[in-house]
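Here's the structure we're looking at; comments come further down.
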Ligand SMILES: [Fe+2]
Ligand SMILES: [Fe+2]
């Protein structure tokens, strides 16, 4: 092995490879992921995010009662952040040569989380917390699956996961303030 170049591919070889299959855009021969599977997973995550946008927006408009104002504001913030995630996922799907699935038909089937309206403010917060916990688990699994085969997708998913954890924490804090059963469970 040449000690001056411990691991890098020869520059001429890199240039030659980059010229091959230029129609594949950002996806080069060095891409190690199973592209079809990654795109499928990202589309499921996209559906999940869209369902979360819809649920949080519904909760924003329906939140009522004396405690509602700051919580409604948080629902709206989360809805906006879920939309950002949806856009990141759609963008990456296109970069990988796929098509983002925005079809409303089958949306709930593709989504990992559910769309539950909830009657009371506490119901809404609980449903949002459940949905966040689902998202946390599914993003964690996706990140483990991708491993070191697709660094860009993985970094994006890790960023989204961190935000979902914050979302879950926000919902848990509201429950700690509002819900007597929650207080009893935690003490
Ligand atoms: Fe999200
Ligand atoms: Fe979230």
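Nothing in this text is a laboratory measurement; each read-out follows from the coordinates by a stated rule. Source: prediction; values computed, not measured. Cβ sites come from the backbone with ideal geometry, for glycine too, and all protein chains shown count toward neighbours.
Within the range 160-187, the set of residues being in a helix (DSSP H, G or I) and free of Cβ contacts under 8 Å to residues at least 12 places away in the same chain comprises 162, 166, 169, 173, 176, 180, 181, 182, 183, 184, 185, 186. In the range 90-97, the count of residues that are over 30 Å from residue 22 (Cα atoms), more than 12 Å from ligand 2 (Cβ to nearest atom) and in a helix (DSSP H, G or I) is zero.
Of the residues making up the range 156-187, those that are away from ligand 2 (no atom under 12 Å from the Cβ) and within 13 Å of residue 85 (Cα to Cα) are 156, 157, 158, 159. For the range 135-148, filtered to residues that are in contact (Cβ under 8 Å) with a residue 60 or more places away in the chain and surrounded by 15 or more Cβ atoms within 10 Å (Cβ to Cβ), the residue that is farthest from residue 40 (Cα to Cα) is 135.
If you check 124, 109 for being part of a helix (DSSP H, G or I) and buried (at least 19 other Cβ atoms within 10 Å of the Cβ), only one passes: 124. Any idea how many residues of the range 55-86 are under 16 Å from residue 126 (Cα atoms), touching a residue at least 60 places away in the same chain (Cβ under 8 Å) and either in contact with a strand residue (DSSP E or B) (Cβ under 8 Å, 6 or more places away or on another chain) or in a helix (DSSP H, G or I) (or both)? Selection size over the range 55-86: 7. Restricting attention to the range 135-147, the residues that are in contact with a helix residue (DSSP H, G or I) (Cβ under 8 Å, 6 or more places away or on another chain) and more than 13 Å from residue 89 (Cβ to Cβ) total 6.
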